[in-house]
Ligand SMILES: [Zn+2]
Ligand SMILES: [Zn+2]
């Protein structure tokens, strides 16, 4: 049984499963155009996901071979994973924001060795204990999953309409979750005439019940001190100003009242930052901060890979606090410690 939701006026969504992941599904949107259906995201590269996608497209009266183009909100494998297979089947173009295309290109070019040594250096600098770092030095240098994503052949240009005959879909750059995340604003009247302006495909930027992971933008070649959490909060305000009548996210379900959800998220992050300042009454490394932050389970039950993600999130929060002048690095510490100002 294929799970297809009709959102009206030539927009449908398919629930494509993500293997072994608590998120469960990616919502892949099928947008009708005068040149044939265009997908917004594609799903995880996995045989069951592919079968579900193909069956869903069949239920929509098309097939992978009939796809005209693929618009990718961001480079993560639950969104971009199957883009290559769709392109192979159909000759469809794949469009992505340049900043995420760079990530894809880097991922394709970075061998596992380089990646492991980058992670080792990064975790050492964050104050990770030796027992956490040691496995990276001895890890089997096998190819990591998701290390060979499809290279997009079109760039999504912020603020511009995508070339979709018969539709008005504008790219809104919403960096934060990734450096090149985009939301896509369908500038057409809502089919049920809900109040507001059109509909917004929000990717992972704006979800009804969960907050997306905001970590550092991982780039072994770039020493720029970025502020992903600051970017994310700005991007939230950007989509609130659009005031779409309905949000079509890449996980969970469609919802209205964008403004309320954005306010909730801004308040959540402000509360979290304030909570971290309390912890930073004592100087802490990013690792020590991550250990003390609130997660969805106690630190000692957080698995290895998720700890890396947690530390990245702690670092993104530290960047924001430093940028706001609310915390600072303690001079002469190594690994560097941060303290409340
Ligand atoms: Zn994502
Ligand atoms: Zn996602």
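Any read-out appearing in this document is the output of simple, stated calculations on the displayed coordinates, not a laboratory observation. The structure displayed is predicted, hence computed values, not measured ones. Here Cβ is always computed from backbone atoms with ideal geometry, including for glycine, and neighbour counts include all displayed protein chains.
Counting only residues that are within 18 Å of residue 30 (Cβ to Cβ) and away from ligand 1 (no atom under 16 Å from the Cβ), how many does the stretch 157-189 have?
The qualifying residues number 11.
Select from the stretch 159-190 the residues that are touching a helix residue (DSSP H, G or I) at 6+ places or on another chain (Cβ under 9 Å), part of a loop (DSSP other than H, G, I, E, B) and at negative phi and list them in ascending order.
Once the filter is applied, which keeps residues that are touching a helix residue (DSSP H, G or I) at 6+ places or on another chain (Cβ under 9 Å), part of a loop (DSSP other than H, G, I, E, B) and at negative phi, the stretch 159-190 yields 174, 175, 177, 178, 179, 180, 181.
Condition check: touching a residue at least 60 places away in the same chain (Cβ under 8 Å), in contact with a strand residue (DSSP E or B) (Cβ under 8 Å, 6 or more places away or on another chain) and part of a loop (DSSP other than H, G, I, E, B). Does residue 42 satisfy that?
Here the answer is no, as residue 42 does not meet what is asked.
Looking at the structure I just gave you, is residue 188 within 16 Å of ligand 2 (Cβ to nearest atom) and surrounded by fewer than 19 Cβ atoms within 10 Å (Cβ to Cβ)?
No, not satisfied.
If I ask for residues that are under 18 Å from residue 215 (Cα atoms) and in contact with a helix residue (DSSP H, G or I) (Cβ under 7 Å, 6 or more places away or on another chain), which ones from the stretch 309-326 would you list?
Of everything in the stretch 309-326, those that are under 18 Å from residue 215 (Cα atoms) and in contact with a helix residue (DSSP H, G or I) (Cβ under 7 Å, 6 or more places away or on another chain) turn out to be 310, 311, 314, 315, 316, 317, 318, 319, 320, 321, 323.
Could you please let me know if residue 7 is within 13 Å of ligand 2 (Cβ to nearest atom) and touching a residue at least 12 places away in the same chain (Cβ under 8 Å)?
no
Out of the residues in the stretch 16-39 meeting the condition of being touching a residue at least 60 places away in the same chain (Cβ under 8 Å) and more than 21 Å from residue 184 (Cα to Cα), tell me which one is nearest to ligand 1 (Cβ to nearest atom).
Looking at the filtered set, the residue picked out is 23.
With the requirement that a residue be over 13 Å from residue 265 (Cβ atoms), more than 13 Å from ligand 1 (Cβ to nearest atom) and assigned to a loop (DSSP other than H, G, I, E, B), what does the stretch 191-217 give you?
191, 192, 193, 194, 195, 196, 197, 198, 216, listed by residue number.
Quick grid of which residues meet (1) touching a helix residue (DSSP H, G or I) at 6+ places or on another chain (Cβ under 6 Å); (2) farther than 30 Å from residue 328 by Cα; (3) without any contact (Cβ under 8 Å) to a residue 60 or more places away in the chain:
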site: 237; (1), (2), (3): no, no, yes
site: 244; (1), (2), (3): yes, yes, yes
site: 248; (1), (2), (3): no, yes, no
site: 256; (1), (2), (3): no, yes, no
site: 262; (1), (2), (3): yes, no, yes
site: 274; (1), (2), (3): no, no, yes
site: 277; (1), (2), (3): no, no, no
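Give me the residue from the stretch 10-39 that is surrounded by 14 or more Cβ atoms within 10 Å (Cβ to Cβ) and not in a strand (DSSP E or B) and, out of that set, nearest to ligand 2 (Cβ to nearest atom).
23
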